[in-house]
Amino acid sequence: MEASLPEDAARAKSVPAMLSAARASFRTRDYAKAEEVILSAQITADTPALIELARGHSRALDLVRTFWDAVRLGLKSVKPGDELIFAGKSAAVVSADETNLIVKLENKDVPLVVDKLIPLVAAQLAEKALPKDDPGSKLVVAVFLLLDQPAGVERGKQLFDEATVAGLDVNSLRPLLNAE
């Protein structure tokens, strides 16, 4: 049996506000700030529903960190000439290291900072390292796309649905689908 604080209306409002701030930190890729806010929300949560909501955000943070680990592994596997889809157009990898990726797009070399990659390009790199057709891999990419910038939300929802159909427990993450 878990000990809990008596319900408090101020806490009931502050936890969702904290988690909204955490989601904003996800969108700016300030994961340290997101973690700090999520931990505060977990400490403040005083009802089973708020505790579960905070846990879902913590799980999402873990999945996003797994995503970026996969991006870095995927980056190590790309070779000059490999194709990536960039802004709906095919781009060829010119070179890559742990912090930079250079692609040739429309006959121009385009330098990209890995930590600032647009969501769908980052997802392509992560998918190179994650087990193919694995529901867990789909969930990792889905959560990143849902929480990052709006460009990848539709693909994120599709992958989330595929992970759900495959039987993964996604209940704690479901509130993130409808969050602002």
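One line per residue, one yes/no per condition, for (1) surrounded by 17 or more Cβ atoms within 10 Å (Cβ to Cβ); (2) touching a strand residue (DSSP E or B) at 6+ places or on another chain (Cβ under 8 Å):
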| residue | (1), (2) |
| --- | --- |
| Thr66 | yes, no |
| Leu75 | yes, yes |
| Gly81 | no, yes |
| Leu84 | yes, yes |
| Ala96 | yes, yes |
| Asn100 | no, yes |
| Val110 | no, yes |
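The sole residue among Leu147, Leu168 that is touching a residue at least 40 places away in the same chain (Cβ under 8 Å) and in contact with a Lys or Arg (Cβ under 9 Å, 6 or more places away or on another chain) is Leu147.
With respect to being touching a helix residue (DSSP H, G or I) at 6+ places or on another chain (Cβ under 9 Å), surrounded by 12 or more Cβ atoms within 10 Å (Cβ to Cβ) and either hydroxyl-bearing (Ser, Thr, Tyr) or modelled with pLDDT under 90 (or both), Pro175 fits the description.
Can Gln158 be described as assigned to a helix (DSSP H, G or I), among the polar types (S, T, N, Q) and either at pLDDT below 95 or crowded, with 21+ Cβ neighbours inside 10 Å (or both)? Taking the combined requirement at face value, the residue satisfies it.
Restrict the check to region 126-141 and report whether at least one residue is among the β-branched types (Val, Ile, Thr) and either within 15 Å of Val71 (Cα to Cα) or in contact with a Ser or Thr (Cβ under 8 Å, 6 or more places away or on another chain) (or both).
At the first step, the residues of region 126-141 found to be among the β-branched types (Val, Ile, Thr) are 140-141.
Now narrow it down to the ones that are either within 15 Å of Val71 (Cα to Cα) or in contact with a Ser or Thr (Cβ under 8 Å, 6 or more places away or on another chain) (or both): 140-141.
Yes; the residues of region 126-141 include at least one that is among the β-branched types (Val, Ile, Thr) and either within 15 Å of Val71 (Cα to Cα) or in contact with a Ser or Thr (Cβ under 8 Å, 6 or more places away or on another chain) (or both).
Considering region 9-43, and only residues there that are part of a helix (DSSP H, G or I) and among the hydroxyl-bearing types (Ser, Thr, Tyr), the residue that is farthest from Pro119 (Cα to Cα) turns out to be Ser14. Scoring Asp133 on the criteria (1) farther than 24 Å from Val37 by Cα; (2) not in a loop (DSSP other than H, G, I, E, B); (3) not polar (S, T, N, Q) leaves a single failure, condition (2). With respect to the conditions (1) crowded, with 18+ Cβ neighbours inside 10 Å; (2) within 14 Å of Leu176 (Cβ to Cβ); (3) modelled with pLDDT under 95, Arg27 falls short on a single one, namely (1).
Here are some residues: Ser137, Ser95. Which one is modelled with pLDDT of 90 or more, of a type in the set (Ser, Thr, Tyr) and over 27 Å from Ser25 (Cβ atoms)? Going through Ser137, Ser95 in turn, the sole match is Ser95.
Considering region 54-119, the qualifying strands (runs of 3 or more DSSP E), each wholly inside and each with 1 or more residues that are acidic (Asp, Glu), run over 83-86, 108-113.
The values are calculated or read from the model by the stated rules, or taken from the named source; none is laboratory data. Quantities reported herein were computed from a predicted structural model and do not represent experimental measurements. Positions of Cβ are backbone-derived with ideal geometry, glycine not excepted, and every protein chain shown enters the neighbour counts.
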